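Since the structure comes first, as structure tokens, the remarks are kept for the end.
Since every read-out is calculated from the coordinates, none of them should be taken as a lab result. Remember, it's a predicted structure, so these values are computed and weren't measured experimentally. Note: ideal-geometry Cβ built from the backbone for every residue, glycine included; neighbour counts use all protein chains shown.
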Amino acid sequence: MTENLIIFNARLVTPQGFSARKGKEMGELWIMDNATIEVTDGLITYVGPNRGEERDGYYQHYWHYNARGRCVLPGFVDSHTHFVFGGERAEEFGWRLRGDSYMDIMRRGGGIVSTVKATRACNHIQLRTHAETLLKRMSQMGVTTVEGKSGYGLDKNTELEMLRVMRSLNHDEHRRVDIVPTFLGAHAVPDEYRGRTDDYVDFLIREVMPQVREHGLAEFCDVFCEEGVFSIEQSRRLLTAARDMGFGLKLHADEIVPLGGAELAAELEAVSADHLLHASDAGIHALAEQGTVATLLPLTAFALREPYARGREMIDAGCAVALATDLNPGSCFSGSIPLTFALACIYMHLSIEEAITALTLNGAAALGRADRIGSIEVGKQGDMVVLNTDNYHFLTYYIGMNCVYTTIKGGVIYPNA
């Protein structure tokens, strides 16, 4: 569903461009007071100075929205989440608080494998209903596009079902958030393949990925490239096969130990490398040189009490940095955009302008959509966020609190008030 919409008296705050912004470019925003933004059939057709509510009667077929000087930004792009799942793991959070590590919990049968059991037990309606609730909460925080990963099935039927849930939500005419689906069958090794990781990789390549591709269920393929999960060579083999099938590539890279995932992402020309808490200097420079987006997930570092990724150093090295929430039922049961902004600026030393670029245009680039979303420019989708203030610094100053007044998706207005 799209609308014709004219927004006037806006304080426009947006990055510009149709590709990722790198290095110092991330801090460059276009800011215009008393701006008008026109959306026609869901696409932006004018951005510039106010030219009045009416123009020779042209706007009589438009909804009129007076921003009253409030900041209008591009819709936020959450480019790394796992929002389709069954069950919950609240008890594990208590284990982590007493000092158990993420990998220790996985070895005890918790972690991803615990969610796999719960997800396999859910039907389509149960998975969809829970996911739809999370999507509405995302929209209220200004998210207009989200990436969703499979990875809690680890068998053919459940992996395909998770992706079908995303497709059904994407086909909803009244959807508030667009979903970019990613196949993450290589999220963990299921119990039935314990001790046979290479066989599991073979199974994904032979049995599952061709079905995902045949039915058009995912745009990207991802792998949890980590010590004790999938090695560099196993990840390379899986992703090379995925690329040959036409998938875009992503990696969970260097989250727990410095394994070389960032270097692998650059080598394979992946669209993004995500987490990167322990990325090496060589890995950071490889990402910058290749142009692979470094997607950083400060909420996960916060929840796991791990060191934050070196966001400041990555930007200074010329990387294109994106920010995302990593909403998932285990290591980070939070989709908080406000807290993501705060942690990125306070602990990863991004400026607010860089953080805005990271959660809009660069998030779009991490999903191969910078030509369509991520900035307020003519030709892009009419996806925007209206803040409840004329000062965009409130995104970090109002720590962990939502200052989104209205979310606009394809020209359709969804007020929070």
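Extending 7 Å from Cα along the Cβ direction at ARG108 and again at ARG51 yields two label points whose distance is 6.4 nm.
Can you give the relative contact order of the chain as a percent, counting alpha carbon pairs under 8 Å and 6+ residues apart? Normalised by residue count, the contact order of the chain is 23 percent.
Residues of segment 236-254 falling in the label zone of ALA282, defined by backbone nitrogen less than 20 Å from a point 7 Å along Cα to beta-carbon, are 236-237, 251-254.
The aspartates and glutamates within cross-link reach of LYS409, meaning a Cα-to-Cα straight distance under 18 Å and a gap of 8 or more places when in the same chain, are GLU3, GLU38, ASP41, ASP78, GLU132, GLU147, ASP172, GLU173, ASP178, ASP371, GLU377, ASP383. Residues in segment 174-187 carry Karplus couplings, in order, of 9, 5, 9, 9, 7, 10, 9, x, 10, 7, 10, x, 8, 8 Hz; the curve used is 6.51 cos²θ - 1.76 cosθ + 1.60 with θ = phi - 60°, and Gly or Pro positions show x.
Of all lysines in the structure, those lying under 29 Å Cα to Cα from LYS156, and not within fewer than 8 positions of it along the same chain, are LYS117, LYS136, LYS250.
In segment 147-235, one over the average inverse separation of all distinct C-alpha pairs is 13.5 Å, which is the Kirkwood hydrodynamic radius.
Given that compact globular proteins tend to follow 2.2 N^0.38 Å, what is the ratio of the alpha-carbon Rg of segment 279-417 to that value? Walk me through the numbers on the way to the answer.
Numbers: Rg = 15.3 Å, N = 139, 2.2 N^0.38 = 14.3 Å.
In units of the globular-protein estimate, segment 279-417 measures up at 1.06.
Relative contact order of segment 1-154: 25 percent, from C-alpha pairs under 8 Å at least 6 residues apart in sequence. Calculated mean residue ellipticity at 222 nm for the chain: -9000 deg cm²/dmol, from DSSP H runs with n ≥ 4 weighted as -39500 (n - 2.57), summed, divided by the residue count and rounded to 500. Backbone amide hydrogens, once placed in the peptide plane, bring VAL412 within less than 5 Å of GLU3, excluding anything fewer than 5 places away on its chain. With the simple model of a label 7 Å out from the Cα in the direction of the Cβ, GLU214 to VAL378 spans 4.6 nm.
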